[in-house]
1. Under 8 Å between Cβ atoms, which residue pairs at least 6 apart in sequence (or on different chains) link something in the range 1-29 that is among the acidic types (Asp, Glu) with a partner that is at pLDDT below 90?
2. Assess whether PRO3 counts as being modelled with pLDDT under 85 and either out of contact with any Asp or Glu (no Cβ under 8 Å at 6 or more places or on another chain) or not in a loop (DSSP other than H, G, I, E, B) (or both).
3. Considering only the range 53-65, I want to know if a residue exists there that is surrounded by 12 or more Cβ atoms within 10 Å (Cβ to Cβ), touching a strand residue (DSSP E or B) at 6+ places or on another chain (Cβ under 9 Å) and either at pLDDT 90 or above or part of a loop (DSSP other than H, G, I, E, B) (or both).
4. So which pairs qualify, if the first residue must be in the range 46-64 and under 14 Å from GLN29 (Cβ atoms), the second must be part of a helix (DSSP H, G or I), the Cβ gap must be under 6 Å, and the two must be at least 6 apart or on different chains?
5. Out of all the residues in the range 67-74, is one or more among the hydroxyl-bearing types (Ser, Thr, Tyr) and not in a helix (DSSP H, G or I)?
6. Which of the residues spanning the range 26-45 are at positive phi and modelled with pLDDT of 85 or more?
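The values are calculated or read from the model by the stated rules, or taken from the named source; none is laboratory data. On a predicted model such as this, the values are computed, not experimentally measured, just so you know. Methodologically, a virtual Cβ is constructed for each residue, glycine included, from the backbone with ideal geometry; neighbour enumeration extends over all protein chains shown.
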Amino acid sequence: MAPAASTDWGPIIVAVILFVVLSPGLLFQLPARARVVELGNMATSAIAILVHAVIFFCLLTIFVVAIGVHVYAA
C-alpha cells in the first residue's frame, strides 16, 4: 500500500508510452493502404486508427489491470 501523499503514475506512464508507440504510421500501420503492414509511412486511414485504438485499449488493460503496473512518486 502506498503512502497517502503519493500518486500512482504507473497507468499514466504506460498510457503515454503506448500512445506514442501505437500512433498509426509512426512506427507501423496495421492495416496499411497497399499491404497488411507498413513501417513508418506517416499516412493513415480510419480503419487503421480503429485497429490501433483497439490494440491500445487491450494492451493498456493488460498492463494496468491484469499486471498492475504501479509507479509512486513522492
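1. ASP8/ALA2; ASP8/HIS70; ASP8/VAL71; ASP8/TYR72
2. yes
3. Checking the range 53-65: not a single residue is surrounded by 12 or more Cβ atoms within 10 Å (Cβ to Cβ), touching a strand residue (DSSP E or B) at 6+ places or on another chain (Cβ under 9 Å) and either at pLDDT 90 or above or part of a loop (DSSP other than H, G, I, E, B) (or both).
4. Every condition considered, the pairs that remain are PHE56/LEU18.
5. So far as the range 67-74 goes, yes, one or more of its residues are among the hydroxyl-bearing types (Ser, Thr, Tyr) and not in a helix (DSSP H, G or I).
6. Answer for the range 26-45, where residues must be at positive phi and modelled with pLDDT of 85 or more: just GLY40.
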